[in-house]
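Inspection log for the structure reproduced underneath, given as structure tokens.
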Amino acid sequence: MPAKPAPIKKAAPKEPAPKKEEAPAPAPAEAAPAEVAPPAEVEAPPAEAAPAEAAAPAEAAPTEEKAPAEPAPEQPKAPTPPPPDAAAATAAEEGTPAADAEVVAHPDEPTSEPLEVTVDDKSDTSVTITWRPPKTIPANSGLDGYTVEITKEGTEDWKAANEDLTVSCRYVIKNQTTGDRLLIRVVAVNPGGRSPPATIADPVLVKEVGARPKVRLPRFLRQRYVKKVGEKINIVIPYSGKPKPVVSWLKDGQPLDSKRANIRTSDRDSILFIRQAERVDSGSYEMCVKVDDFEDKAAIIIQIIELPGPPASIKIVDVWGFNVALEWTVPKDNGNTEITGYTVQKADKKTGDWFNILEHYARLNATISDLIMGNTYTFRVFAENKCGLSEECAVTKGEATIVKEVIDYKPTPFVEHDFTEAPKFTTVLNDRSTTVGYSTKLLCSVRGCPKPKIMWMKNKMILNNMDNPKYRMISTGGICTLEIRKPGPYDGGEYVCRAENTLGKVDTGCKLEVRKPGQADADKDKKEQ
């Protein structure tokens, strides 16, 4: 049996695709089997066997299988298309993965049409096109290559631009006349025959493009462009291209309304001008710059905003103590932008003056505290967005009264503290000595309520200021003092201070020694001996 053509394989080894434009013409079909030497592990038929109209005799198959075993390195070989596996590898190198193709098990059937035929580049004498492999490729037939066909606009005389099949998904159509308009199509070829053609919809003008069109969108327009209602919009977008590009504008996919927007286009830029912006001017604007078959687009989003409407409703949920709980709902009209916060105000029924309680508040409920007892309050809420506070507000229908609580005060009976206390010496008298002729004082302190009566005694005899001027007794602020003026030898003895009131009496005493001059030194010497 004759050998079956090998299908395209996804994991085929990469082989460089031959350049058909630079290769010499292939040998005649009957001589190709004797010169082609494919790899030993790949069993493939000769490239010229597919387009042949008459089938070869069955006895010729063994001769074709033995042909690779007799290479003739000394003879020049004509370049032939690589096997289908190599075609898939070359297609993958050109950026068109063969994985998109669907392999079907129907032998000797043509493939489906190639996909996405587009113009990649142009010059004064050539047109470069690209495409993707067919979606459906028979498993047993595989894919031999592609034929690129052209004809001038207005004629049906299709001619092949490539003499030999090309396995690449990119082809340069050369030697064309400047100014011609060509219709171009691509046909996939395999042993099953030709696929349906894939044609470029519009005629292609053979003319060099000096500079492809390019829209240079300013950075501030790459994000949302926001304006307020009534403001002027004047957007300048530079572009480039040669020859002068054709500039067009769309809004939300539709042509611009000339009553709302004006377009002014120069050689370098295009200006979108709106005298007074309205909310209907919000949307997605697209600028398209086209030079022949090449174009570039830029999209900008314009948002026109205004003040929001008031909150839909507000109500008093609860009142307790000095607190009021409020709830409200979002506005029906947000001004074509998000609500950033709310401002809550209160008014006392007595004065009617409004005061801000909360500003830039983001929640839809709040608790108002520190209200004055006995007052009645009304509340209102304003919505806020990027433009500011809403002109209107939502006001509570009811009022919140802070009830004044009645307190029944019962004071506790006053009990006077009993400060009465029996006399008590806080500082007692201490023994001391003095010298004859030198005045001395005896000191002590006492407390008691009622105020104690102070009495001084010497050797159990009561002393009296009036009877003996030698003694002076002073009692001030609880400090009791007995001053003995220029004491003599007989003024020594035991002294007692007595404090007495209605609750009792108390005594404190000491001994006073009156020495002669020099006696202290004698006593000291006596102790040292």
Requested in this report: Compute the distance in nm between two label points, each set 7 Å from the Cα along the Cα-to-Cβ direction, one at Met461 and one at Cys510.
Outcome: 2.2
Query raised in the report: If you count, for each residue, the other Cβ atoms within 10 Å and average over each peptide, how do 341-353, 149-161 line up from highest to lowest?
Result: 341-353, 149-161
**Report entry** Loop-located GluC sites (Glu not before Pro) in the stretch 296-382, at most 15 other Cβ atoms within 10 Å (DSSP)
**Finding:** Glu338
Query raised in the report: What dipole magnitude, in Debye to the nearest 20, does the stretch 364-427 give about its Cα centre under +1 on Lys/Arg Cβ and -1 on Asp/Glu Cβ?
Result: 180
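Multiplying the sequence separation of Glu359 and Asp293 by 0.36 nm and subtracting their Cα-Cα distance, what value in nm do you get?
Numbers: separation 66, 0.36 × 66 = 23.76 nm, distance 5.72 nm.
Roughly 18.0 nm would be gained on extension.
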Query raised in the report: Which value, in Å², gives the accessible area per residue of the stretch 196-345 when a 1.4 Å probe is used on the protein heavy atoms?
Result: 56
Query raised in the report: Of the accessible area of the stretch 150-211, with the probe set at 1.4 angstrom, what percent is carbon plus sulfur?
Result: 45
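Excluding Arg194 itself, what net charge comes from residues whose Cβ is under 12 Å from its Cβ, given Lys and Arg +1 and Asp and Glu -1?
Net local charge, Arg194 excluded: -3.
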Report summary line: With a Förster distance of 35 angstrom and the Cβ-Cβ distance between Arg279 and Glu153, calculated FRET efficiency to the nearest 0.05 equals 0.15
Query - Whole-Hz couplings from phi, Karplus 6.51/-1.76/1.60, listed for the stretch 234-242; x for Gly and Pro - result: 9, 9, 10, 10, x, 8, 9, x, 9
Requested in this report: Might you report the magnitude of the Cβ-based charge dipole of the stretch 290-368 about its Cα centre, with Lys and Arg at +1 and Asp and Glu at -1, to the nearest 20 debye?
Outcome: 660
Query - For the stretch 126-165: accessible area per residue (Å², 1.4 Å) - result: 41
Report summary line: The summed charge of the Leu512 Cβ neighbourhood (under 14 Å; Lys/Arg +1, Asp/Glu -1) stands at +3
Report summary line: The percentage of the accessible area of the stretch 315-403 (probe 1.4 Å, all protein chains present) made up of carbon and sulfur atoms, to the nearest whole number, is 49
Requested in this report: Express in nm, to one decimal, how much length is gained between Ala325 and Thr420 on full extension, taking 0.36 nm for each residue of separation and deducting their alpha carbon distance.
Outcome: 28.3 nm
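The values are calculated or read from the model by the stated rules, or taken from the named source; none is laboratory data. Since we're looking at a predicted model, the values are computed, not measured. Methodologically, a virtual Cβ is constructed for each residue, glycine included, from the backbone with ideal geometry; neighbour enumeration extends over all protein chains shown. Areas reflect the complete protein model, heavy atoms only, side chains present, ligands, DNA and RNA absent. Shrake-Rupley method; radii C 1.70, N 1.55, O 1.52, S 1.80 Å.
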